[in-house]
Amino acid sequence: MMQNNPKNLASWINIISHVEIPILASTKEHITKLRSNMDCIDLRDLAYVIGHDPLLSLKMLKYQVHRRSQQQVTDITNIEKVLLMIGIKEFFEIIRDCQILEEELSQNTDTLQTCLKTCARAYYAAQLAETMSKSRRDIDPKEIITAALLHETAEILLWLAAPELMLKIRDSLKNNPEIRSKSIQKEILGCTVNELQQELIIHWHLPKILLHLVDESYVNDPRVLLVLVSTSIARHTEWSWNQELNYMDIEKCAQILHISNDEAHTIIVNTALRTAKEWNWYQVETAAARIIEY
């Protein structure tokens, strides 16, 4: 897809912004079923489906930016409100010709599996963020849930745009486990994935609160920390439940919620078990499948 390897954020923004964002096959299947009974569709049913798919969620937020009127002065991060703004019929028009991730990557099994795992991880992170934000009685849990769900979208889009470079990063991390992922990303991409995520939010004029919530430099903000811990737990449990990083995640979760480590551990495991029931949405092994190793 690329003749030269970009080495700065500006080049990556130019490349990623031209990537057609696909949606998951399961998402399209569920939406098709809902459409067959148009008269009984509830916005909450559609929002529930979209909430499983970080790619479609990103697509919807991008669309509402271009659709918003001059009278709209507040940003919208709630998918139900986005649907209310554009209407159900227009929503179906938007997704009618959407590319399907599994079809686009049918000839690249490794990249497809990685993208599906990343989508599943993003959903688990969003579920953790929802549980934790409600426990904290956050003023707007939907903002945190959306931020956690979209936290991995830059990584997914990089896999679509530059699978060779992403494989190089993955192999480097496997061969050098002591090196931080950010260092390898910087070396190979010229920027970190999180930096790219932030710049894409700016480039696409997405809600400013999302930019704040994924900005790791604001780690002292409890809401930013909640998103960071949720995504960290999801990422680390993708590989193991019994490493030092897992125990650090539990401690951070406990500190945020002002509960014991055992209570935090219970929340993390129960959320993993709950999300595992929807494994068929992504067709990949869930984090809960590795609890037996713990």
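The values are calculated or read from the model by the stated rules, or taken from the named source; none is laboratory data. All of these numbers come straight from a predicted model, not from anything done at the bench. Every residue, glycine among them, receives a Cβ derived from its backbone with ideal geometry; neighbour counts consider all protein chains shown. Accessible surface areas use protein heavy atoms only, side chains included; no ligands, DNA or RNA. Shrake-Rupley method; radii C 1.70, N 1.55, O 1.52, S 1.80 Å.
Name the residue that is least open to solvent (accessible area, probe 1.4 Å), counting only residues in the stretch 20-59 that are of a type in the set (D, E, K, R), closer than 30 Å to K186 by Cβ and not in a helix (DSSP H, G or I).
Pass one, the stretch 20-59, residues of a type in the set (D, E, K, R): 20, 28-29, 33, 35, 39, 42, 44-45, 53, 59.
Add one more test, that the residue is closer than 30 Å to K186 by Cβ, and what stays is 20, 53, 59.
Next, from what is left, pick out any that are not in a helix (DSSP H, G or I): 20, 53.
Working: E20: 96, D53: 0 Å².
Going through the qualifying residues, I end up with D53.
Considering only the stretch 244-294, state which residues are within 20 Å of the chain's Cα centre (by Cα), surrounded by fewer than 16 Cβ atoms within 10 Å (Cβ to Cβ) and among the acidic types (D, E).
E278, E285, listed by residue number.
So which residues in the stretch 22-50 are closer than 20 Å to E80 by Cα and touching a Cys at 6+ places or on another chain (Cβ under 8 Å), if there are any at all?
Passing the criteria: I23, L24, K28.
Mind checking whether some residue in the stretch 183-200 is touching a Phe, Trp or Tyr at 6+ places or on another chain (Cβ under 6 Å) and farther than 16 Å from T153 by Cα?
no
Scan the stretch 64-72 and tell me whether some residue there is under 24 Å from E195 (Cβ atoms), in a helix (DSSP H, G or I) and not hydroxyl-bearing (S, T, Y).
The answer is yes, given that some residue of the stretch 64-72 is under 24 Å from E195 (Cβ atoms), in a helix (DSSP H, G or I) and not hydroxyl-bearing (S, T, Y).
Tell me, which residue of the stretch 85-111 that is in contact (Cβ under 8 Å) with a residue 60 or more places away in the chain and among the acidic types (D, E) is most open to solvent (accessible area, probe 1.4 Å)?
My answer is E103.
Residue check: is S17 closer than 15 Å to Y282 by Cα and surrounded by fewer than 21 Cβ atoms within 10 Å (Cβ to Cβ)?
Considered against the rule, which asks whether it is closer than 15 Å to Y282 by Cα and surrounded by fewer than 21 Cβ atoms within 10 Å (Cβ to Cβ), S17 comes out as no.
Would you mention how many residues in the stretch 213-227 are under 23 Å from R274 (Cβ atoms) and surrounded by fewer than 24 Cβ atoms within 10 Å (Cβ to Cβ)?
2
Of the numbered conditions (1) assigned to a helix (DSSP H, G or I); (2) touching a Leu at 6+ places or on another chain (Cβ under 6 Å), L226 satisfies every one except a single condition; which is it?
L226 satisfies all of (1) assigned to a helix (DSSP H, G or I); (2) touching a Leu at 6+ places or on another chain (Cβ under 6 Å) except (2).
Do we find that L116 is of a type in the set (A, V, I, L, M) and out of contact with any strand residue (DSSP E or B) (no Cβ under 8 Å at 6 or more places or on another chain) in this structure?
So L116 passes the test.
Can you report the number of residues in the stretch 165-216 which are closer than 26 Å to T146 by Cβ and without any contact (Cβ under 8 Å) to a residue 12 or more places away in the chain?
Residues meeting the conditions: 2.
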